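The values are calculated or read from the model by the stated rules, or taken from the named source; none is laboratory data. Keep in mind it's a predicted model, so treat the numbers as computed, not measured. Note that each Cβ is placed from the backbone with ideal geometry, even for glycine, and that neighbours are counted across all protein chains shown.
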Amino acid sequence: MMDLPKWDVEDIVRRALAEDIGHGDLTTESLVPEAAMACGVVRVRDAGVIAGLEVMALAFRLVDPSIHVELLTRDGMAVQPKEAVARVRGPARGMLKAERVALNFLQRLSGTATATARMVRAVAGLPVRIIDTRKTTPGLRLLERYAVRMGGGNNHRFNLSDGVLIKDNHLAVLAREGVGMREAVARARQAIPHTIRIEIEVETPEQAAQAADAGADVILFDNMSLEDMRRAVALVNGRALTEASGKINLDNVRAVAECGVDLASSGALTYAARALDIGLDFEED
């Protein structure tokens with residue numbers, strides 16, 4: 001099983017099945033005999049990186065535990081058009097009821113893994129890590145972040161309780177009280193466990209230097225130009241990790257990485273990734 005809490009994944013899949021099946025599958029229950037059996041092959045129609053195979057299998061098993069899913073590859077592997085990634089056998093009614101939800105998870109997560117893998121390849125050879133953001137589908141963050149890892153990326157904080165990220169709006173509120181960046185870091189440091197890092201979002205090289213002087217552990221360069229980013233990295237001079245963020249995509253990520261940042265975060269990995277085209281074709285046994 002994936003490196004995820006089983007009970008949390010089950011809860012996500014159960015809610016998706018309840019949403020899709022509703023009070024019952026009118027088409028299947030009115031047409032397909034209860035004793036009918038079926039077998040099918042799950043095939044990809046696009047090249048990419050597969051992710052979510054266990055989630056797909058779980059969707060079938062939750063509808064009918066007697067459905068057997070044989071996985072033919074594993075998450076994180078590259079796949080080619082027409083490649084079979086799983087075989088499904090069992091009661092036809094259950095397979096038909098679970099099919100859409102099972103494929104939705106597999107397609108979406110594989111799309112995110114594929115988008116991540118492309119971005120990771122784009123910065124090959126450079127000492128930078130590609131990371132996600134909290135711009136995820138509500139309720140699916142656990143799975144989408146998993147898909148990012150399957151594509152070779154890394155994760156940012158999972159939620160607001162995972163780390164301190166002082167953004168421009170936090171600083172704007174504090175400024176009304178006469179609190180500057182240095183005092184903001186000191187306040188946060190006093191309030192949190194020693195194991196938690198403090199990150200500050202900045203918009204100019206000068207602010208980046210101030211954040212480093214204030215003792216930030218990570219400094220986020222928000223929508224900086226490449227020239228400003230290079231200058232900011234020089235001013236920080238290794239005193240903190242540096243993260244580039246804001247409109248980072250496949251076309252510009254290498255140029256961003258060449259500025260010398262440690263991390264490049266992209267919300268597009270989760271909110272803009274195109275689902276991989278995957279289908280289930282029933283066949284004669």
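Screening Gly152 on (1) crowded, with 19+ Cβ neighbours inside 10 Å; (2) closer than 19 Å to Gly267 by Cβ shows it passes everything except condition (1). Contact annotation: no residue pair with Cβ atoms under 6 Å, 6 or more positions apart or on different chains, pairs a residue in the range 174-190 that is touching a residue at least 40 places away in the same chain (Cβ under 8 Å) with a partner that is exposed (fewer than 14 other Cβ atoms within 10 Å of the Cβ).
The rows are residues; the columns are (1) modelled with pLDDT under 95; (2) aliphatic (A, V, I, L, M); (3) surrounded by 13 or more Cβ atoms within 10 Å (Cβ to Cβ); (4) more than 25 Å from the chain's Cα centre (by Cα).
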position: Leu4; (1), (2), (3), (4): yes, yes, yes, no
position: Val9; (1), (2), (3), (4): no, yes, yes, no
position: Ala36; (1), (2), (3), (4): no, yes, yes, yes
position: Val41; (1), (2), (3), (4): no, yes, yes, yes
position: Ala47; (1), (2), (3), (4): no, yes, no, no
position: Ala51; (1), (2), (3), (4): no, yes, yes, no
position: Val55; (1), (2), (3), (4): no, yes, yes, no
position: Met77; (1), (2), (3), (4): no, yes, yes, no
position: Arg89; (1), (2), (3), (4): no, no, yes, yes
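Taking first residues from the range 256-267 that are farther than 14 Å from Ala115 by Cα and partners that are at pLDDT below 95 and not in a loop (DSSP other than H, G, I, E, B), no Cβ contact under 8 Å between residues at least 6 apart in sequence or on separate chains turns up.
State all residues of the range 230-252 that are surrounded by 15 or more Cβ atoms within 10 Å (Cβ to Cβ) and part of a helix (DSSP H, G or I); if no residue qualifies, say none. Correct list: Arg230, Arg231, Ala232, Val233, Leu235, Val236. Do we have Leu174 as of a type outside the set (Val, Ile, Thr) and in a helix (DSSP H, G or I) here? Judged against the criteria, Leu174 is a match. In the range 62-79, the residues that are of a type in the set (D, E, K, R) reach residues that are assigned to a helix (DSSP H, G or I) with C-beta atoms within less than 6 angstrom, at least six apart or across chains, in these pairs: Asp64/Gly94; Asp75/Leu53; Asp75/Met150.
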